[in-house]
Amino acid sequence: MSEEKWVAAHKHYSGTIYGLEHHLSNRTLRPQDRQEKEILSSILDRVTLSHDGIDQYIWMPDKRGTFSVKSFGLELAKRTNMSNLPTFKGLWAGLIPFRIEMFSWFALLGKLNTKSKLINLGLIPPSESLCVLCESYQECHNHLLLQCDFADTLWKWWLNLWGIKWVLPSTIKLAYEQWQHPNHGNFFKKVWKAAFFIIIWSIWKERNMRIFEQKASPPCDIQNLILLRISWWIKGWGDPFPYCSDDILRNPQCLKWRGITTKLFRPEHKQCDWLPPPNGSLKWNVDASLKTSLPKSAIGGVLRDINGNFRCLFSTPIPTMEINNAEVLAIHRAIKISKGSDRLSQCKLTIESDSANAVKWCNESNGGPWNLNFILNFIRNSSKEGLGIEIIYKGRESNFVADSLAKQGLVKEDEFLAWM
Ligand SMILES: [Zn+2]
């Protein structure tokens, strides 16, 4: 690092620390913060500068010098003397997305920002301590993820699926240590491991939905969401698992599949040929599904950010109709949901459909089936109103998730809508 840059960086960080101390009126630095501040200053003071050479970022805990979540986790565990704890075993196996691995790791360490923690930090008043899922007990991580009636229902449901009786232990860490998979082959072993993290992640997401969005879903919806998440993340494992999301939803026992499995590995981050939306915007993939044997059709959609993270999902049964008409309804539903949400109303949106006809009708100022006039006009007006909506056509392969959501709608009575 050049000398000027170093001085600037040092000033910046010191300034930030002192600035924080000075400006946080309701939270002055605690003793441990001061300790950290001193450690940071002593690290910065020890740095020696070389005047030649090119500046570059090097991540010391990794041999290649590049950052990875795994090396970060291992390094932190080493530094905090926790490398021997069994809680880390199997956690960084790449069965679930990084952010959920990180979340699970925090959960196992009891480091989630639960209400108990926020009260201890003086960030919320003790009067706001109640668990939002049961409204009966104080929310700490063990209560929320394990002991709460809501959590208990989900754990028991999962165990019942496999005919297992288990007295839940007192802490989430113990639960993880005792999380023994039934013997249904190697593939199921991975499903079982992933399920633990997906269950606690789904409870946490529901808790946040209730606190920040004032929206509550019953346990049966969360159960579906758990199976859905399992079905999506299975796709990243590289196993030739032959079933799709709606197979799993209808019959979770298909997860006992005993085919040839690959070893646990960190998959490449690939999502078929799904392309991210332009910077600062979000993308809906929508789809429709019909089955001639059933007297109804269904539509589904998934909203993703530029990193491919799911933001919202819907799966909705509709009356039976021609497929292109149903595709128009799927586009319509995505716009309705977006317009009804505070956080999306200002957002630029791309809506991708695999029906060239539906996209054409929505983008033209008139035309399309007469019985859809009302719906089409709503769509056309919405794109005019400056909501920043672009409706585009894209082939089938990129639409895997939306397609599975639409298929699920066929077996449901009511709409399933979830925010991530
Ligand atoms: Zn509770």
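The values are calculated or read from the model by the stated rules, or taken from the named source; none is laboratory data. Here the structure is a predicted model, which means the values were calculated and not measured. Here the Cβ is made from the backbone with ideal geometry for all residues, glycine too, and neighbour counts use every protein chain on show. The protein model used for the area step is the full one, side chains on, heavy atoms only, and it has no ligands, DNA or RNA in it. Shrake-Rupley method; radii C 1.70, N 1.55, O 1.52, S 1.80 Å.
Residues of segment 93-112 that are more than 16 Å from the ligand (Cβ to nearest atom) and part of a helix (DSSP H, G or I): 98, 99, 100, 101, 102, 103, 104, 105, 106, 108. Pairs linking a residue in segment 187-204 that is assigned to a helix (DSSP H, G or I) to a residue that is open to solvent by 10 Å² or more (accessible area, probe 1.4 Å) and among the hydroxyl-bearing types (Ser, Thr, Tyr), with Cβ atoms under 8 Å and 6 or more positions apart or on different chains, are 187/261; 190/261; 196/176. Scanning segment 60-79 for residues that are within 20 Å of residue 100 (Cβ to Cβ) and among the β-branched types (Val, Ile, Thr) returns a single hit, 69. Within segment 113-131, the set of residues being open to solvent by 30 Å² or more (accessible area, probe 1.4 Å) and within 10 Å of the ligand (Cβ to nearest atom) comprises 130 only.
Taken over segment 132-150, residues that are within 7 Å of the ligand (Cβ to nearest atom), open to solvent by 40 Å² or more (accessible area, probe 1.4 Å) and part of a helix (DSSP H, G or I) amount to 1. Note on segment 28-48: among residues that are more than 23 Å from residue 122 (Cα to Cα), loosely packed, with under 11 Cβ neighbours inside 10 Å and polar (S, T, N, Q), the one that is modelled with the lowest pLDDT is 48. Within segment 205-221, being closer than 15 Å to residue 148 by Cα, open to solvent by less than 30 Å² (accessible area, probe 1.4 Å) and not acidic (Asp, Glu) holds for one residue alone: 207. The single condition among (1) closer than 14 Å to residue 285 by Cα; (2) modelled with pLDDT of 85 or more; (3) loosely packed, with under 15 Cβ neighbours inside 10 Å that residue 335 does not meet is (3). Counting the residues of segment 151-178 that are surrounded by fewer than 18 Cβ atoms within 10 Å (Cβ to Cβ), within 16 Å of the ligand (Cβ to nearest atom) and outside any loop (DSSP other than H, G, I, E, B) gives 3. Among residues of segment 288-312 that are assigned to a strand (DSSP E or B), those with a Cβ under 6 angstrom from a residue that is hydroxyl-bearing (Ser, Thr, Tyr) and buried (at least 16 other Cβ atoms within 10 Å of the Cβ), sequence gap 6+ or separate chain, pair up as 290/297; 298/289; 299/316; 300/315. Within segment 123-151, residues that are farther than 21 Å from residue 106 by Cα sit with their Cβ atoms under 6 Å from residues that are within 7 Å of the ligand (Cβ to nearest atom) and not in a helix (DSSP H, G or I), at 6+ positions apart or across chains, in these pairs: 134/148; 137/131; 149/134.
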